Amino acid sequence: MQVELFIPCFIDQVYPETAKNMVTLLEKLGIEVHYNPKQTCCGQMAFNSGYWDEAYKLAEKLVNELSTGRYIVGPTTSCIAMIKNYYPEFFYNSPLHLEFKQVQQNIFEVTDFLVNILKVTEVGAIFPYKVTYHDSCAALREYGIKEEPRILLNNVSGLELVEIEETDTCCGFGGTFAVKNEPISTAMAEQKIEHALKTGASYIVSTDASCLMHLQGYIDKHNIPIKTIHIVDVLTSQSH
């Protein structure tokens, strides 16, 4: 099987190791991975801030780049949910309508792809730590996954998954929300971290690096004894 990589700009610029680890993970499962280095942003930030014309230009570029006919796999739900749920506003009855529909049908977040397309639930990872899982708003409410990450985590050797209190509560990031409403955003991060600490976990795991960056910023500022990690980095770990 061949797949096309979708690496959101956030992952590319801030967490490139997670992108590399996703390649490692897919190739370990016998997948031939293709990547177009001309890829840029999906336009989500501009779209959410009301700059629809600018967002459309980015969306048009990305659809052209991803229109290969292959499955498209990415390591974040928020950007993929943007493509699936909001690109129809751009491409309905447009010259790129058919190309977009193909991309919309073919694009998957990586844990969804592993569990529901490849039918893989165990990838040979070793991560001997207690972890708790953070359901991002995008994962739960826009993309629609909940069980797939947990299935994969429960099959990681040595890993103990402990559910966090109020797992469906927002961490406070929300893109520009964290900038425009900093006190509220910080308070939400504080609450999420407090719930995570109650589990006794060493790590907070999520499918969305933006949430993890927000939480890690709060953790670092207050010297809190817990870390964040992307699920892809857990699934490629061989820690003993």
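Remark on Phe108: its backbone amide H falls under 5 Å from those of Ile72, Val73, Gly74, a criterion applied only to residues 5 or more positions apart or on other chains, H modelled at 1.01 Å from N. For the listed residue pairs Lys130/Lys221; Lys38/Lys221; Lys28/Lys192; Lys28/Lys130; Lys198/Lys221, the alpha carbons are over 27 angstrom apart in Lys38/Lys221; Lys28/Lys192. Computed from phi, the 3J(HN,Hα) profile of the stretch 73-89 under the Karplus parametrisation 6.51, -1.76, 1.60 (θ = phi - 60°) reads 10, x, x, 8, 8, 5, 6, 5, 5, 4, 5, 5, 9, 10, 4, x, 4 Hz, with x in place of Gly and Pro. Rolling a 1.4 Å probe over the heavy atoms of the protein chains gives the chain an accessible area of 46 Å² per residue. Quick check for you: which residues of the stretch 4-32 have the amide N under 14 Å from the point 7 Å beyond the Cα of Ile126 toward its beta carbon? Once the point is set 7 Å along Cα→Cβ of Ile126, nothing inside the stretch 4-32 turns out to lie under 14 Å by backbone N. Near the amide H of Glu160, within less than 5 Å, lie the amide hydrogens of Tyr129, Lys130, Val131, all on another chain or at least 5 residues away, with H placed in the peptide plane.
For the chain, a simple Cβ point-charge model (Lys and Arg +1, Asp and Glu -1, everything else neutral) yields a dipole of about 200 debye relative to the Cα centre.
Which trypsin sites (Lys or Arg not before Pro) in the stretch 39-148 pass both tests, a DSSP loop state and at most 11 other beta-carbon atoms within 10 Å? Intermediate values should be presented prior to the final figure.
Numbers: sites: Lys57, Lys61, Arg70, Lys84, Lys101, Lys119, Lys130, Arg141, Lys146; in loops: Arg70, Lys119, Lys146.
Listed in order of number, the matching sites are Lys119.
For the stretch 1-90, averaging the sequence separation of C-alpha pairs within contact (under 8 Å, six or more residues apart) and dividing by the residue count gives a relative contact order of 39 percent.
Couplings 3J(HN,Hα) for the stretch 43-55, derived from phi with the Karplus relation 6.51 cos²θ - 1.76 cosθ + 1.60 (θ = phi - 60°), are x, 4, 4, 5, 4, 5, 8, x, 8, 5, 5, 5, 5 Hz, where x marks Gly and Pro.
The label-point distance for Asp220 and Glu65, in a model that sets each label 7 Å from Cα toward Cβ, rounds to 2.6 nm. How far is the Cα center of the stretch 197-240 from the Cα center of the stretch 17-72, in Å? If we compute the Cα centre of each part, the gap is 24 Å. By the equivalent-ellipsoid construction on the alpha carbon gyration tensor, the chain comes out with semi-axes of 29, 23, 14 Å, ordered largest to smallest.
Stretching the chain fully between Asn93 and Leu140 yields a gain of 14.0 nm (0.36 nm per residue, less the alpha carbon separation).
Where the accessible area of the chain is counted over protein heavy atoms with a 1.4 Å probe, how much of it, in %, is carbon and sulfur?
Whole-percent figure for carbon plus sulfur exposure: 51.
Close amide-amide hydrogen proximity is noted between Thr228 and Ile204, each under 5 Å apart and 5 or more residues distant or on a separate chain (H modeled in the peptide plane; Pro and chain starts excluded). Sparse packing (at most 15 other Cβ atoms within 10 Å of the Cβ) combined with a DSSP loop state is found for the following chymotrypsin sites (Phe, Trp or Tyr not before Pro) in the stretch 1-104: Tyr35, Tyr51, Tyr92. Name the residue from Met82, Ile204, Val120 whose Cα lies farthest towards the positive end of the charge dipole of the chain, charges +1 on Cβ of Lys and Arg and -1 on Cβ of Asp and Glu. With unit charges placed on the Cβ atoms, the residue in question is Val120. Each residue of the stretch 101-111 was assigned a 3J(HN,Hα) from its phi angle through the Karplus expression (A = 6.51, B = -1.76, C = 1.60, θ = phi - 60°), giving 4, 5, 4, 4, 6, 8, 8, 9, 5, 4, 5 Hz with x at Gly and Pro.
The values are calculated or read from the model by the stated rules, or taken from the named source; none is laboratory data. As the structure is a prediction and not an experimental result, all values here were calculated from the model. Cβ sites come from the backbone with ideal geometry, for glycine too, and all protein chains shown count toward neighbours. With ligands, DNA and RNA removed, areas are computed over all heavy atoms of the protein, side chains included. Shrake-Rupley method; radii C 1.70, N 1.55, O 1.52, S 1.80 Å.
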